[in-house]
Amino acid sequence: MNSGFTTKTILFWMSIVFLGVMMWKLVSSPSSPADSVSYSDFLQLVSKNEIHDARISLESNFVSVNAGLRHSQKRASTTVSYGDWQDLKERLIDSGATVEYANQKSSDWVLLLLNGLPLLLLVGFCLFLMQRMKGVSWRAAQAGSSKMRTGIGYDLHRLEEGRPLIVGGIELPFDKGPVGHSDGDVLAHALCDALLGAAGLGDIGTHFPDTDPQWKGANSLLFLEHAKKLLAGKNFAIEHVDAVVITEKPKLGPHFPEMREALAKALGVSSDKIHLKAKTNEGVDAIGRGEAIAAHVVATLSSR
Ligand code: MG
């Protein structure tokens, strides 16, 4: 059941109970306070048939009487000793008054309960809210630790003359291209590894082994499309991709918009989620000598 709905339902019924108790107390309380009179004055009221009803409460050392008057909204109360209350009761009955008995101790408990019930409800509600907030915080902490996933990918290919240079799904005008089983797209390969790593689904070699002839010369965007389906199957969504492509030549920056569009289309996301950067290797080692091209990618996923 929806937690918000549960909270509202509990709150609603607590409000109903609270209002019910308040209404009951209001209706059941005497309409006017009783005037305390002496026992002799009370006996005069009895003898004049002024008493309509009488409520007799047996206290520990005495007996109290709370009476409604026939010709007045007021009530009268008095106390009588245990030795006289039976006589008073007979007089009241003889005068036509209705006599009721009340166990004072029970009334005390009822009164205590009625006065304490709203407080108990309030305390209970506060405890309930605190419990809920602790639960929500705990779940938020749990969600925070497991909802976002990050993966890293790296790839490098040697460059040879006479091969097409494909980076990010785009063929760039250049006299060298990567040596590889597929089209050698380092950016797509590193991105694929980052996505699979973030989802805990292995790496590109697991899903597209370079020993499988069906991937010979394959467009690497196909790998990304397959990775997208694997992520969807695990309820992962791509939040962000950040990539660095390292090569001495050619300049990649002018081609980034087209690369971002191609990669975003293969992954089924907005190109806003694909961020590309280009670096040279300052003439150092194989990349610096123009003999290789490499890419580093970090991908962030969220679980849905
Ligand atoms: Mg590769």
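General observations
- The range 176-187, subset in contact with a helix residue (DSSP H, G or I) (Cβ under 9 Å, 6 or more places away or on another chain) and modelled with pLDDT of 95 or more, residue farthest from the ligand (Cβ to nearest atom): L187
- Check on A190, within 16 Å of the ligand (Cβ to nearest atom), closer than 28 Å to E160 by Cα and surrounded by 24 or more Cβ atoms within 10 Å (Cβ to Cβ): yes
- Residue within the range 185-198 that is closer than 23 Å to S302 by Cβ and in contact with a Lys or Arg (Cβ under 7 Å, 6 or more places away or on another chain) present: yes
- Pairs are defined by a Cβ separation below 8 Å, a sequence spacing of at least 6 or placement on different chains, a first member in the range 172-197 that is in the same structural domain as A232 (by TED's automatic domain parsing) and aromatic (F, W, Y), and a second member that is part of a loop (DSSP other than H, G, I, E, B) and more than 8 Å from the ligand (Cβ to nearest atom); the pairs so defined are F174/K249; F174/P250.
- Test for L19: is it under 30 Å from L121 (Cα atoms) and modelled with pLDDT of 75 or more: yes
- Filter result (among the basic types (K, R) and in a strand (DSSP E or B)) within the range 252-301: K277, K279
- The listed residue being exposed (fewer than 12 other Cβ atoms within 10 Å of the Cβ) and modelled with pLDDT of 90 or more, out of S29, S40, S47: S40
- Taking the range 97-149 as the range and being among the acidic types (D, E) and at pLDDT below 65 as the test, only D108 passes.
- Pairs with Cβ under 7 Å, 6+ apart, first in the range 150-170 and without any contact (Cβ under 8 Å) to a residue 60 or more places away in the chain and in the same structural domain as I246 (by TED's automatic domain parsing), second part of a strand (DSSP E or B) and away from the ligand (no atom under 15 Å from the Cβ): E160/K176; E161/K176; R163/K176; P164/E171
- Looking only at residues in the range 217-244 that are closer than 19 Å to S271 by Cβ and charged (D, E, K, R), the one that is farthest from the ligand (Cβ to nearest atom) is E239.
The values are calculated or read from the model by the stated rules, or taken from the named source; none is laboratory data. Note that the structure is a prediction, hence the values are computed from the model and not measured. All Cβ positions, glycine included, derive from the backbone under ideal geometry; neighbour counts span all protein chains shown.
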